[in-house]
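**Q** Just passing along the structure, written as structure tokens.
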Amino acid sequence: MTLIVLLILAAVSLSAVFNDKGIFNRAESAGMKYNEAKAREVLETVLLADGQYEKNINPEYNQDDFLDKLIKNEIPGTEIKGDVAIISGWAFELDRTIPKIGRGLGRADNLVFPTVTATVDLATDKKNATINITAKEEKNGISKIEIWLLGEKIKEFPYDPKKDEATEAYIATQNGKYTIKAYGDLMASTTVEVTGIMPGIEFEPNGNTNWEKEHSTKIKVSETEEKIKSMKYVWTNSVTEPTNSAFTETCQDGDTITKDGATGQYYLWILIETENGVTAKRRSEAFNFDNEGPTITNFTATKYSATGITLSTTAQDTKSGIVKFEFYVDGTLKSEYTQTMAATTLSVTKTVNITGLTTGNHTCMVKVYDAKNNSNTKTVSGTTKLYAWTKWNCVQKDNWKKVTRQYCKHEASSSWKFRTICECFRTRFFRLLYIK
């Protein structure tokens, strides 16, 4: 009996030792908590002492790469996933902005992290690069993607609702190491390096749609890690990239470049050469130049009277537009007939009757102006209506004292015309006044 009681007591004691709330389990749990606390203490010391110190005194400090390296150097064997530091299998969130410890996340092998990948494609013109991003988290979903450069968040893509898989294409305009952060319940990150982007050129202004006789633009260089060795420029009227040999004029950052004397749309091209011998070309938007007068499509001079001529002209200017017509006779401006108007790019016809001229032939000219005071001229010969004597051959038919009826034929005509001539005096040939 005593033996049975002892055995029962032993069984009860062993059960108390080995069950979920037994001594061994409690001891194991206490040990785990101790290890977790110890890991937390070590991380906290590094963050509060070394991390905050470096942040305040080291100009190279940033809350991403620099902080990660600092933690790994001070606590060997540490693994960092996104904003989670894993020390001896224990996971802790990092508040990078201070820096300090955030949440304790428990054992790292129980956590579900997003996956994030990124690739870089450099543009053929070397102006930028595309960072192609893919983030996945099937359990909790992706809530946002962030892009960081030199410790600063430069872009965020939020998702509401969350996505099991999110893809983005970000255009990078400068070289450097970019950190891509994908957030689910936890955060994961990856780093890609962009290289090969050539320095950019800013044009101020970048093109001008107003038609002007000259344009100027200031160039400003946005340098990357590629340092500029030299710059040259050329103006062309095409968006086709010029050959390197076409660039003959040198320039520097901050120069103002001016062009005049051209007509049409022109582009300013800059050829950049770096210290590494790499070249790239940058182009402005179009500048509109107008240094040519309007096109005169028609100009005529017709008889108006014995002392007048009718001048008619048609002209068009498709750039700054026609604003004025001037009319000249024998080199003298007939200012009272000048025609003005608001600038128009439509075809315009003007007709004037210029009087007060001497009877006969005259040299007539029209001068047409556009809104930029460019002009064009056209000249024609003109004649007033003339009164002249001509010779007629006459055949006498009836003969009276005062009036003679005759049939007359002009020398240039083959037909006879009836005329009544007063006081003929019976002559066979005489001169008759007629109007051309």
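**Q** For D125 and K177, compute 0.36 nm times the residue count separating them, minus their Cα-Cα distance, and round to one decimal in nm.
**A** 16.7 nm
**Q** So what's the net charge close to K281: Lys and Arg +1, Asp and Glu -1, counting the other residues with Cβ under 11 Å from its Cβ?
**A** Charge balance in the 11 Å sphere: +2.
**Q** While we're on this one: Reachable lysines from K136, Cα under 19 Å, same-chain residues fewer than 8 places away excluded?
**A** Reachable lysines: K81, K144, K155, K162, K163, K181.
**Q** So, one more: Kindly state, as a whole number, the per residue volume in cubic angstrom of the convex hull around the alpha carbon atoms of region 158-285.
**A** Considering the Cα atoms of region 158-285, their hull volume per residue is 155 Å³.
**Q** Just subtract the alpha-carbon distance of T338 and N276 from 0.36 nm times their residue separation and send over the number in nm, one decimal.
**A** 16.0 nm
**Q** Let a ≥ b ≥ c be the square roots of the eigenvalues of the Cα gyration tensor of region 136-216; is it rounded (a/c under 1.5), or, if not, prolate (a/b larger than b/c) or oblate?
**A** prolate
**Q** Now a separate question. For region 232-320, with only Lys/Arg (+1) and Asp/Glu (-1) charged at the beta-carbon, what is the dipole magnitude about the Cα centre, in debye rounded to 20?
**A** Magnitude of the dipole: close to 440 debye.
**Q** Given the C-alpha centroids of region 154-233 and region 36-81, what is the distance between them in whole angstrom?
**A** Value for the Cα centre distance between the two parts: 31 Å.
**Q** Tell me, what is the percent relative contact order of region 165-308, built from C-alpha pairs under 8 Å that lie six or more residues apart?
**A** Once normalised by length, the contact order is 23 percent.
**Q** If you don't mind, there's one more thing I want to ask. Mind scanning K72/K100; K303/K350; K259/K372; K153/K220 and naming the pairs with a C-alpha gap bigger than 19 Å?
**A** The answer is K153/K220.
**Q** So how exposed is R96, as accessible area in Å² (1.4 Å probe, rounded to 10)?
**A** Result for R96: roughly 10 Å² accessible.
**Q** Determine the sum of side-chain charges near G308: Lys and Arg each +1, Asp and Glu each -1, restricted to other residues whose C-beta is under 13 angstrom from that of G308.
**A** It works out to a net charge of +3.
**Q** While we're here: Tell me the label-point distance for the pair I98, T134, using the 7 Å Cα-to-Cβ offset, in nm and rounded to one decimal.
**A** 3.8
**Q** Assuming R0 = 41 Å, what is the FRET efficiency of T363 and E214, from their Cβ-Cβ distance, to the nearest 0.05?
**A** 0.75
**Q** Right, something else. Where Lys and Arg each count +1 and Asp and Glu each count -1, what net charge lies around S216 among other residues with Cβ under 13 Å from its Cβ?
**A** Result for the neighbourhood of S216: -2.
**Q** Quick check on region 231-275: take the gyration tensor over C-alpha atoms, sort the square-rooted eigenvalues as a ≥ b ≥ c, and tell me if it's rounded (a/c under 1.5), prolate or oblate.
**A** Taking the square roots of the gyration eigenvalues as a ≥ b ≥ c, region 231-275 is oblate.
**Q** Let's test the formula: R0 of 56 Å, r as the Cβ-Cβ distance of D50 and T318. What FRET efficiency results, to the nearest 0.05?
**A** 0.20
**Q** Can you give the Rg to Rh ratio for region 218-306, taking only C-alpha atoms and Rh from Kirkwood?
**A** With Rh from the inverse mean 1/r over Cα pairs, Rg/Rh is 1.31.
**Q** Next question. Given N residues in region 41-145, what is Rg(Cα) / (2.2 N^0.38 Å)?
**A** 1.28
The values are calculated or read from the model by the stated rules, or taken from the named source; none is laboratory data. Remember, it's a predicted structure, so these values are computed and weren't measured experimentally. Because the Cβ atoms are built from the backbone with ideal geometry, glycine has one as well, and the counts that use them run over all protein chains shown. Please note that ligands, DNA and RNA were not included when accessible areas were found on the heavy atoms of the full protein model with its side chains. Shrake-Rupley method; radii C 1.70, N 1.55, O 1.52, S 1.80 Å.
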